[in-house]
Structures are given as structure tokens and as C-alpha cells.
Amino acid sequence: MKYPAIAVTGLGLLTPAGEGVAATWHGVSQGRSTAATHDPLLAGLSADFSCRVPGHEALDRQIGRRAWRMGRHAKLAVLAAREAVQDAGLDPRVWDGSRVAVVVGCGMGGTEKWEEQSILLDQNGPNAVSPASIPVIVPNLAAGEVSMDLGARGPSLAPATACASGATALATARDLLTLGACDIAIAGGTEAAVSRMTTAGFAAMGALSRRTKAVTAASRPFAADRDGFVMAEGAGILILERATDAVARGARPRALLAGCGSTSDAYHPTAPPQGAPGAERALRAALDQAALDSYDIDHVNAHGTSTVLNDATEAGLIARVLPHRPSVTAPKGVLGHTLGAAGAIEAALTVLTIQHHLVPPIANLQAPEAEFDIDCVTKQPRRQEVRVAASHSFGFGGHNVVLVLTAWAQT
């Protein structure tokens, strides 16, 4: 099948490194962790630190009068979408909203509000529960609020594939454009799941770092002494269009989303299978869709969670399928793990790597574990011409999504 070229024409980011694309790119390029200790919401937990998007009240002011009815995951998505639309040079006041799709992945939704309303119910009875409790909790309201905010009346979807949700959203949006179901897709991921229950749950299963005395050193993807990730929140939105349409309206694409591969492990709720066969099939499927070979890949934006099993499995995958040793980065060292938003945030960062010819370093990593035969970028950014890059996302449930992004070159 001949696939139309799908262009990335706009980016929007809200992350613990800052509000907006420029602030996030600067922070990630510096390679310094954004983790902060003593998160008041997590007081008394074994892991009381997190990576947060700064400025809660400022976010509400930017949202406007509708902020009261929105969960934090929806607020982050709306603001990231506004930036992405503006970056793409699009005007929602004049576009045909029926041809604009919204696909925003979210793994968990408003977990903090679930807990808050549950406490009110237990302590004060059912009359204390807010009538807005469901809209601020459910994961799909991020996509819904983006649609309402921007007047996008095309398909509206909310994929939930755990930590691959944002990447799944981009792959789904690409399919919608390929099928002609829309002309513009506002796609990405969002998550605001830093809460007592989620943090305690991840800690109980051994997924979180235990470096409570040195939290800025906690997330260290591919390091020999890695011991888990740091809870985080954020949103990443990309504007996708068929390249021919983008060029016709005078836009200059930032990059192309050349291929997407999605597979399932069908193995275990939380653990990857030995050898990562499902992830390999996703990588090869994305390359096939892009009509590229594994040796074409110059750079990998790794899932890199800083957990013992995930990093070992992913390092093995990269070394086996990409033996020419492309450069590898892993933004979770800086940003923490934004769960359902991670795949979209990291896809946006991969676009910026291609555009800026710069690979950000992995925070807290001096050198990868000795048995990992991969070329991790450490200590400082690396200047590199990146023409083809892969962005990996893997989620609980055995979800594997790989995106292949390429530099824009008009022919």
C-alpha cells in the first residue's frame, strides 16, 4: 500500500521542564532532572517526590472560566493543543471543524480527583460528591475538552494503552489522515496521575526509584544502578496533516511521521517477554511502513524508564535490531515518567532533535550498563545530523508502539 506522507506541522508541550516547546526543549537539552522532593500530595509515602508541571493557578487563568469543570489532565491537553495549533499556523475560527480530528491518549485520567471525591463520599455521604466529579475524572474528557476548546468536530478518540497511549494516539491519527477521515489531526497524550494511590501502587510493585535522599539523581535510564522511575505529569500535542495539504496552505513541516508500528506481547500484565519479540515486530512494522531499513535509523528516543527489566530488554532490542549503534537518548531522566503522555512528549522531542541536529543527553548517566551495547548520549548534548529517528513506547498490558520520524525534504 502506498501511504501518503504525513507531516508534523505543529508542536505543543507542557512538561516538568516548563510550559511550552521552547522551555521543554531547553530543559531536556540541559540534561538535568526536574524531580522535586516533598510533594505535599505525597506526604508520608515512601516515594514523596515527583516531577510536576509548574504553575497550577497560572494554568487555570489561561484556560479561563471553564477551568472549574476540567481535570488537570484535560487542562494540560487543552493548553498544549492551543500551542500546537498556533505553531502550525492554523486558525480554528476559520477552519472547517468537521474535518479536524482530535486523538488524545491518556492512561489513567484524573486519579487525584477520584481520591478526593472518594474521601468526601466516605466522610460526608453522597450529597458531598461534586456533580462535576465524573467529567474531571474520566480519561476521554481530555480529548473532549480539546475538541470543544478548538471547535474540532471530526473524529474524537482517546486511546488508553498505558504508557504507550500518546504514541498510540499519533499512530491512530496517522491512520485517520491516510483514510481521508480528516484533513487535520490534533493528536498526542496527556497525564496528571501524580496521586497518593497511583504513587503508592507503583511503589508497591517496585517500579519507583527509592532514592529519597537524592531525588534529582533518581531517574537514570540505562545506568547499572538504576532502580525505578519518578512519577510525573505533562502533555504533548502534535498537529498532523497530509504533507501535500500542508504545503498547499503554505506551511513548512517540522518533520514527517513516516511510519508507525503497533503490536501486543500477549504475555504478562506488566513485564516484557525475554527478547522483546513484540517490540521488535513494532519497530520493523514502522520501518516497513516508512519503506526504510533498520540501518537507516540515525537515532533512537528510547522508552527508557530507568527500571531494571525494561531498560535491559530495550537495550537488547536496540543492539540486536540496530547493530550500527545509532545514538540513544531517554528523556525520562529529566522529565520523569509521564505515563500516558510520554509517547507523545517524546515524539515531539524527536521532531526537535531532527530539526535542531541535536541529541539531548540522558540525565544522571555517566555510561550505560557495561553489557548494554548501545550508544547512549551522556553528560552533554551531541551535535548530529538526524535524518531518520525511532521513538519507542511500551505500556502495561503488552502494548508496543514505535514511531519512525524523518526529516522534511520537499521533493
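General observations
- Candidate set from the stretch 334-367 (those that are over 18 Å from the mean Cα position of the chain (by Cα) and at positive phi); member that is surrounded by the most Cβ atoms within 10 Å (Cβ to Cβ): Asn364
- Within the stretch 7-21, residues that are at negative phi sit with their Cβ atoms under 8 Å from residues that are in a strand (DSSP E or B) and surrounded by fewer than 24 Cβ atoms within 10 Å (Cβ to Cβ), at 6+ positions apart or across chains, in these pairs: Ala7/Arg242; Ala7/Leu256; Val8/Leu256.
- Close Cβ contacts (under 9 Å, 6 or more residues apart or on different chains) running from residues in the stretch 380-396 that are free of Cβ contacts under 8 Å to residues at least 60 places away in the same chain to residues that are in a loop (DSSP other than H, G, I, E, B) and surrounded by fewer than 24 Cβ atoms within 10 Å (Cβ to Cβ) comprise Arg382/Pro361; Arg383/His357.
- Which numbered condition His303 fails, given (1) over 24 Å from Ile239 (Cα atoms); (2) assigned to a loop (DSSP other than H, G, I, E, B): (1)
- Note on the stretch 52-64: residues that are modelled with pLDDT of 90 or more and either surrounded by fewer than 12 Cβ atoms within 10 Å (Cβ to Cβ) or outside the structural domain of Thr190 (by TED's automatic domain parsing) (or both) total 2.
- Residues that are part of a loop (DSSP other than H, G, I, E, B) and free of Cβ contacts under 8 Å to residues at least 12 places away in the same chain were ranked within the stretch 181-216; the one that is nearest to the chain's Cα centre (by Cα) is Ala214.
- For the stretch 174-206, the set of residues classified as more than 30 Å from Ala81 (Cα to Cα) and aliphatic (A, V, I, L, M) consists of Ala200, Ala203, Ala204, Met205, listed by residue number.
- Criterion (outside any helix (DSSP H, G or I), within 30 Å of Leu365 (Cα to Cα) and in the same structural domain as Asn140 (by TED's automatic domain parsing)) met by exactly one of Ala47, Ala101, Ala80: Ala47
The values are calculated or read from the model by the stated rules, or taken from the named source; none is laboratory data. Given the structure is predicted, the values throughout are model-derived calculations rather than measurements. All Cβ positions, glycine included, derive from the backbone under ideal geometry; neighbour counts span all protein chains shown.
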